[in-house]
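Right, one structure below, let's go through it.
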Amino acid sequence: MLASQAKRISSFCISNGVISEQDREKYDYCYEILLSSVLNIFSVVLIGLVTGFLAQAVCFMLVFALLKNTVGGYHADSHLACFAGTVGTFLLYRLIAALISASVLSAVAAVFAIFSGITVFLLAPVGTENKPLSRRQKSQLKEDSRLLILFFCMVVLFLLLQDISPQWAFSVSSAIAAVSASLIVGLIKLPKAETSNS
């Protein structure tokens, strides 16, 4: 479905002289990824709106997207799996936030931040079979990843020390924990991909 919509957008752009026919395949792929990303973000924000946690949903997706883009890690094999993973992760975060008391939530946010900080600092970045990283890219992304995770961990610490609602600290820490988990899964899957290619 997304692939056919992406092709329609490309065809429209070609017919209006925005892109050339020879670049169609590249734009088909770009529009497909764009549509998939918009669908994921819209779905999480919609769930946040319906459940009364719109601001936390936007915060979660913003932190998740910024860090995931730099850190890399696991990428689903299909748009449906990506959608299920993104929405499922957000629903799990909201379920935990709803079931745990505020004092425990603060402790969990701190643990998530520490775990994520160590994981990203030691392992990032991780490429994929379809998007391998050059040495230069790895070096730059490693530096960027460390700066970003340090910033987000400091945000969590600030929110906890200021005694602001633990929901906010947990929102940020859950997003960075989700990216860290993706990083570990991507690292486990990467050698398999490299082995199968050789």
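Cβ-Cβ distances below 8 Å connect the following pairs, each with a first residue in segment 10-26 that is hydrophobic (A, V, I, L, M, F, W, C), a second residue that is in a helix (DSSP H, G or I), and a separation of six or more residues or different chains: CYS13/TYR27; ILE14/GLU21; ILE14/ARG24; ILE19/SER10; ILE19/CYS13; ILE19/TYR27.
Quick one: in segment 118-148, which of the residues that are in contact (Cβ under 8 Å) with a residue 40 or more places away in the chain and assigned to a helix (DSSP H, G or I) is surrounded by the fewest Cβ atoms within 10 Å (Cβ to Cβ)? Residue satisfying both the conditions and the ranking: ASP144. Of the numbered criteria (1) within 24 Å of LYS189 (Cα to Cα); (2) assigned by TED's automatic domain parsing to the domain that holds PHE112, the one ALA57 fails is (1). Only one of the numbered conditions (1) modelled with pLDDT under 90; (2) of a type outside the set (A, V, I, L, M, F, W, C); (3) farther than 20 Å from ALA97 by Cβ is violated by GLN162, and that is (3).
Taking ILE184 as the residue in question, decide whether it is assigned to a loop (DSSP other than H, G, I, E, B), among the hydrophobic types (A, V, I, L, M, F, W, C) and either more than 16 Å from MET61 (Cβ to Cβ) or in contact (Cβ under 8 Å) with a residue 60 or more places away in the chain (or both). Criteria not met by ILE184. Taking segment 47-88 as the range and being in contact with a Gly (Cβ under 7 Å, 6 or more places away or on another chain), at pLDDT 85 or above and of a type in the set (Gly, Ala, Ser) as the test, only ALA57 passes.
If the condition is being over 16 Å from ASP163 (Cα atoms) and at pLDDT below 90, then segment 100-114 contributes only ILE100.
The values are calculated or read from the model by the stated rules, or taken from the named source; none is laboratory data. Only a predicted model underlies this, so the values are computations on that prediction, with no experimental measurement involved. Don't worry about glycine lacking a Cβ; one is built from the backbone with ideal geometry, like all the others, and counts go over all protein chains shown.
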